Structures are given as C-alpha cells and as structure tokens.
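Peer 1: Let me begin by handing over the structure; questions about it come next.
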C-alpha cells in the first residue's frame, strides 16, 4: 500500500471510518508497532483523537481511531447498547488482528467508548494487552433535560454536552491550538451526528450497569481523570478503579471531560507510559 492510498476497514460487511494519524499502516509496519484501537464517546467520532493519533503513529505505534457504526464515516445504524457496541468492537478486533497478523491490541476508550472497551477487555483476556480509559465511570446517568433535547434532535443537546464536557479554562478561550474555539468546535462536532445518534448513545450510557466488569479485566489498566470533569467526575470512576486488579490512575489538573483536546500534551504523556 503506497503512502497516497487511504486505509480502509470493513466490519460485518460495512465500511468503518478510521483515522491512522496520517500514516498508512500495513502488516509489515505493524509488526514492530503495537496496534492501538481508540474508541470515541457519545455522539462523537474518530476526530476526537486527532491530537493523539499522529503522535502515536510517529512514536512506535499503529493507531486506529474507529468510528462506531452510524458515526462519522462508518456505515450502518447506531447500536442500541454498550453490550452491542462491545460485540461489534470484538469483531473489529478480529478483523484488525487478521489484517495485521497480530495476536493482541491495546484499547483506549473515552466516555461511552471507555465502557465499550472495558466490556471487551473483561471478555477477551487473550487479545487485549492494555486498557486505557479516559472520562470513565462505573455508571453514566444522563440528565433528563439532555436526554429530552437529544430525543428531539435539538441543538440544546450538543450545547449542554459541550458546556458540561469542558473545564473552566476551555470556556475562556484557552486552546492548545491558537485561533480555534474549543467549545464551538465541540458543538460543531456533535452537530454533525445524524438525527437519533446522540439520543441512542446517551440512552445506552444511561442504561449501562457495570456490575463486576472491572474485576474481570486481566490486563494492566490506566484510568485518566480530569479534575474538572463534570460528566464523569473523578469520584464516579472510583468504584471501577477499586475493582481493577492492576490499575494506575493519572490525574489531570484543570482538565474536563474532553481532556484529549483540553490538555493533549498531558494525555499523550499518559498514553506513552500506559501503552509501553
């Protein structure tokens, strides 16, 4: 595959949107660069990882930021539960392992994606080498006003998610990339979701019950928490952290739920340590 060719992936016979950090991977390149699958949160897509995938691709890894079904460039309808998403991700891992002739992958999940990745890691000890969770919690209840706005496909839903999802610094124009408005960018990203996608995702989060999932995860785990995360505050991750057998916790001072954009350098540092 030449550098000008785009990377493509199919799961269940449908195209999957994938971001690879600007490097087109193949089995040869992936042989010495562990495969890292990154899974986004509710209503979002692969682009939330754009400040991490390029770094990973140029620092010894093969990053694949995936669009879940019905999100971004992935075909199909959004899946209705975390369990269904985990089943899909498990099949995606099979496709990826066959594509790159690898036996294991590393999983990185944000928010809803963290629930999906944890379920997969709990069920598949052989193929998951490491698990990194950002903005995670043992449960993710959804405010009725947000769920109602999402059901009606109202702009209020992206506005609430973005307002609650960013720490105080992001609300006063601070951005690692000069000239860009972080809050406005978050709203624009969520507005791109098709009708019904945000509501389906939030409903899946609200219905999710972790149970003993953390205790069933066998691989090393890193949990990254933002001190100003209002959507999954640090205390909400405590029950999961307590149940993981092998878990490191990274605290990001001043970061909110969208920590990958709010403090990308700190997230990259944490990933470098967690994925090694």
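The values are calculated or read from the model by the stated rules, or taken from the named source; none is laboratory data. What you see is a predicted model, and the numbers here were worked out from it, not measured in a lab. As a convention, Cβ positions derive from the backbone with ideal geometry for all residues, glycine included, and neighbour counts pool all protein chains shown.
Peer 1: Name the residue, out of 209, 262, that is touching a residue at least 60 places away in the same chain (Cβ under 8 Å) and touching a strand residue (DSSP E or B) at 6+ places or on another chain (Cβ under 8 Å).
Peer 2: On inspection, the qualifying residue turns out to be 262.
Peer 1: Which of the residues that make up region 27-54 are touching a strand residue (DSSP E or B) at 6+ places or on another chain (Cβ under 9 Å) and in a loop (DSSP other than H, G, I, E, B)?
Peer 2: Of everything in region 27-54, those that are touching a strand residue (DSSP E or B) at 6+ places or on another chain (Cβ under 9 Å) and in a loop (DSSP other than H, G, I, E, B) turn out to be 33, 34, 40, 41, 44, 45.
Peer 1: For residue 169, state whether it is modelled with pLDDT under 95 and surrounded by fewer than 19 Cβ atoms within 10 Å (Cβ to Cβ).
Peer 2: yes
Peer 1: Give the residues of region 1-26 that are part of a loop (DSSP other than H, G, I, E, B), in contact (Cβ under 8 Å) with a residue 60 or more places away in the chain and buried (at least 18 other Cβ atoms within 10 Å of the Cβ), sorted by residue number.
Peer 2: Listed by number, the list holds a single entry, 25.
Peer 1: Shifting gears a bit: State whether one or more residues within region 64-81 are crowded, with 22+ Cβ neighbours inside 10 Å, touching a helix residue (DSSP H, G or I) at 6+ places or on another chain (Cβ under 7 Å) and part of a helix (DSSP H, G or I).
Peer 2: Scanning region 64-81 turns up no residue that is crowded, with 22+ Cβ neighbours inside 10 Å, touching a helix residue (DSSP H, G or I) at 6+ places or on another chain (Cβ under 7 Å) and part of a helix (DSSP H, G or I).
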